[in-house]
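**Q** One structure coming up, written as C-alpha cells, with questions to follow.
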Amino acid sequence: MPVSRLSSKLPKVGTTIFTVMSQLAAEHHAVNLGQGFPDFPPPQGLVEGLERAMRAGHNQYAAAHGIPELRRAIADKTERCYGFRPDVDAGITVTSGASEAILDAVAAVVHAGDEVIVLDPCYDCYEPAIELAGGTAVHVPLDPETFAPDWDAVRAAITPRTRLLMVNTPHNPSGAMLDATDMEAIAALLRGNDILLLSDEVYEHIVFDGRRHESALRYPELRERAFVVSSFGKTYHCTGWKVGYCVAPPALTAEFRKVHQYNTFCTFTPAQHAFATMIAEDPAHYEELGAFYQAKRDRFREQLLGTKLRPLDVPGGYFQLVDYSAVSDLDDQEFCRWLTVEHGVATIPLSPFYARPPEGQRLARLCFAKSESTLDAAIERLRKL
Ligand code: PMP
Ligand code: GLN
C-alpha cells in the first residue's frame, strides 16, 4: 500500500510533549525542568552492581519474566512496604520500564470495543495503549485545583463495556495522592462486576509529610483484580535504564506474560542483577527516598515564593505545579514555549494530559528532581518574570 494511503492506528498521536520540550530546552540552552528525570547520578553501589554483572557475564537473555533473584527482592520489598507478598513465580513480571508494563496489561485484557476509564489529567501513554488494543478511553476529569477524583462521576461513566479503570498515585502531573477512602471507593465501584484495575505507582516511594502510599496491593479486594505497575527509573534515579515491573494475581499475570514475551521477551539482564542486589542490601535507599525529595520540594517551594508563580500543594512525586496567571494570560502550551525561548526555563504544559483541558487553566509542571544548582539557576530566571 502506498504510504500516502496508510491509515494511522494512532491518528491523534504526535511527538510527546516531553520530547518536544526537551528539544526546545536544548535548542535554547534553557534550564530543563520539563521532562521528568533526575540530573544527578544513581546510587554508586547500583552503578557498580551493573558493571559487576556485565563483567560476571550476565549479558545474555534473562528469564523472560525476570531473574528469580530480582522477583524475590521485589516480593520482599512489597511485603515489607504493603504487608502483602506477591507470588514470586506467578505474580511478578519484570518489564522494560513501567511503559512496557502498561502497554502489556492493556493489550492483555482490553478487547476491541471495550472501554477503559482514565482520570484526566492522565499520563500520556495510557490512551495510545488503549487505542492500539481497539478500546476507547473514557475520560473522567479530576478536580482542576486539588486533582481529587470524583468517584460518583467515575461510577456514572461505567457501562457494560467498561473493562478497566486506570489510576495513578502519586499522580503525574499533579503530585496528588489517593487516600484510604479513595481506595475503599474504588473497591466499592468494582465490587460485583468484572472491571479490572491498573494502578500506576511509579512514584510509590516519593511521598511527603508522613503520608502513606495507598498501594492497591494493600487491599485484598483490589489486588485480586489489579495490575500494579512500578518503575526502578524513579526509585533509583536511572530513568534511562528502563526497568520496571508488574505485580498481578497469577491469572492476570499469565495473560500479561503472553504479551510481554512477544513484546520484549525479557528486560536488560545486567540491570536486573544490579537491582536485585541493591534492593536486598540497601532498603534504606527506598525508605529514605521520600525525605530526600521532600527536602528538594521544600527548598524549591520556598524559592518559588520569590517569584510570581503560585505553587500548588505537592503530596508526592517529583513535580511542582504552578499557577502562572499572575505572569501571563497565554494558554499553557504557548506559555511554556515562551518561558523556554524567552526566559530559558523549560516546563511542561498540562493540556496534553487531558482529552478536554479545563477552560482557562493556567498551570505548568516543573520537575524538582534536580540538583540544587539546577534549581537555583531556574529560580534566578523565574524571579525576572
Ligand atoms: N507512569 C507515570 C505516571 C510516569 O510518570 C512514567 C514516567 N515518568 C511512567 C509511567 C513510565 O515509566 P518508565 O520510564 O519506567 O517507562
Ligand atoms: N515520565 C516522564 C515525565 O512525566 C517522561 C517520560 C518520557 O519522556 N517518556 O516527565
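**Q** Quick one: order R337, R365 from most to least accessible surface, probe 1.4 Å. Can you show the working numbers first?
**A** On the way: R337 125, R365 0 Å².
My answer, sorted largest first, is R337, R365.
**Q** Using Cα pairs under 8 angstrom and six or more residues apart, how large is the relative contact order of the stretch 87-215, in percent?
**A** Working: 184 pairs, mean separation 29.1, N = 129.
In percent, rounded to a whole number, it is 23.
**Q** What does the charge count around P283 come to, taking other residues whose C-beta lies under 11 Å from its C-beta (Lys +1, Arg +1, Asp -1, Glu -1)? Could you put the intermediate results ahead of the total?
**A** Working: positive: K77, R80; negative: D76, E281, D282, E287, E288.
Around P283, the charge tally is -3.
**Q** Let me ask something else. Contact order normalised by length for the chain, with contacts defined as Cα pairs under 8 Å and 6 or more residues apart; what percent is it? Write out the running numbers ahead of the final one.
**A** On the way: 758 pairs, mean separation 98.7, N = 385.
Worked out over the chain, it gives 26 percent.
**Q** Still on this structure, please answer the following. Quick one: dipole size for the stretch 231-385, taken about the Cα centre, charges +1 on Lys/Arg Cβ and -1 on Asp/Glu Cβ, in debye to the nearest 20. Kindly include the intermediate steps, with their values, before the conclusion.
**A** Numbers: 18 positive and 18 negative charges, 49 e Å.
Here the size comes out at about 240 debye.
**Q** Taking only Cα atoms of the stretch 289-385, what ratio of Rg to Rh do you get with Rh as the Kirkwood inverse-distance radius?
**A** Working: Rg = 13.0 Å, Rh = 13.7 Å.
That ratio equals 0.95.
**Q** Where a ≥ b ≥ c are the square roots of the eigenvalues of the C-alpha gyration tensor, would you call the stretch 18-161 rounded, which needs a/c under 1.5, or, failing that, prolate if a/b is larger than b/c, or oblate? Walk me through the numbers on the way to the answer.
**A** Working: a/c = 1.92, a/b = 1.27, b/c = 1.51.
Oblate.
**Q** Something else now. From Cα pairs below 8 angstrom and at least 6 apart in sequence, can you work out the relative contact order of the stretch 1-105, rounded to a whole percent? Can you show the working numbers first?
**A** Numbers: 41 pairs, mean separation 15.3, N = 105.
Once divided by the residue count of the stretch 1-105, the mean separation gives 15 percent.
**Q** Size of the dipole of the chain about the Cα centre, Lys and Arg at +1 and Asp and Glu at -1 on the beta carbon, nothing else charged, in debye to 20? Before the final figure, lay out the partial values.
**A** Details: 37 positive and 50 negative charges, 129 e Å.
So the magnitude is around 620 debye.
**Q** Is the C-alpha gyration tensor of the stretch 215-262 telling us rounded, prolate or oblate? Criteria: a/c under 1.5 is rounded; beyond that, a/b larger than b/c is prolate, otherwise oblate. Provide the component values of the computation, followed by the final result.
**A** Numbers: a/c = 4.92, a/b = 1.34, b/c = 3.66.
Because a/c hits 1.5 or more and a/b fails to exceed b/c, the stretch 215-262 counts as oblate.
**Q** Another question, then. Could you please report the charge total around E342, scoring K, R as +1 and D, E as -1 over all other residues with beta-carbon less than 12 angstrom from its beta-carbon? Mind dumping the intermediate values first?
**A** Numbers: positive: R337, R381, K384; negative: E334.
Result for the neighbourhood of E342: +2.
**Q** Can you compute the helix-only [θ] at 222 nm over the chain? Use -39500 (n - 2.57) per DSSP H run of at least 4 residues, normalise by all residues, nearest 500 deg cm²/dmol.
**A** On the way: 15 runs with 155 residues, N = 385.
Rounded to the nearest 500, it is -12000 deg cm²/dmol.
**Q** Another question, then. Starting from 0 in steps of 20 Å, tell me what percent of the Cα-Cα pairs of the chain lands in each bin.
**A** Calculated over all Cα pairs of the chain, the distribution is 28, 59, 13 percent.
**Q** Stokes-Einstein diffusion coefficient for the stretch 126-211 at 25 °C in a medium of 0.890 mPa s, Rh from the Kirkwood formula over Cα pairs: what value in µm²/s?
**A** Numbers: Rh = 14.0 Å.
Answer from the Stokes-Einstein relation: 175 µm²/s.
**Q** Report the charge-dipole magnitude of the stretch 64-113 in Debye, nearest 20, computed about the Cα centre from +1 at each Lys and Arg Cβ and -1 at each Asp and Glu Cβ. Mind dumping the intermediate values first?
**A** Values: 5 positive and 7 negative charges, 31 e Å.
For the stretch 64-113, the charge dipole is close to 140 debye.
**Q** Follow-up. Which trypsin sites (Lys or Arg not before Pro) in the stretch 1-47 sit in a loop by DSSP (not H, G, I, E or B) and have at most 14 other Cβ atoms within 10 Å of their own Cβ?
**A** Values: sites: R5, K9, K12; in loops: K9, K12.
Sparse-neighbourhood loop trypsin sites (Lys or Arg not before Pro): K9, K12.
**Q** Let me ask something else about it. Along the charge dipole of the chain, Cβ charges K/R +1 and D/E -1, which of F319, L164, F268 sits furthest on the positive end?
**A** Farthest towards the positive end: F268.
**Q** Sort Y61, Y293 by accessible area with a 1.4 Å probe, largest first. Working shown, then result.
**A** Numbers: Y61 195, Y293 0 Å².
These residues rank, largest area first, as Y61, Y293.
**Q** Go through the stretch 85-96 residue by residue and turn each phi into a ³J(HN,Hα) via Karplus (6.51, -1.76, 1.60, θ = phi - 60°); whole Hz please, and just put x for glycine and proline.
**A** Residue by residue, the stretch 85-96 yields 9, x, 5, 4, 7, 10, x, 9, 10, 7, 10, 7 Hz.
**Q** Find which of P121, G66, L178 sits farthest along the positive direction of the dipole of the chain, computed with +1 on the beta-carbon of Lys and Arg, -1 on that of Asp and Glu, about the Cα centre.
**A** Most positive-ward Cα: G66.
The values are calculated or read from the model by the stated rules, or taken from the named source; none is laboratory data. Since the model is a prediction, treat every value here as computed from it, not as a measurement. Note that we place each Cβ from the backbone using ideal geometry, even for glycine, and neighbour counts take in every protein chain shown. The protein model used for the area step is the full one, side chains on, heavy atoms only, and it has no ligands, DNA or RNA in it. Shrake-Rupley method; radii C 1.70, N 1.55, O 1.52, S 1.80 Å.
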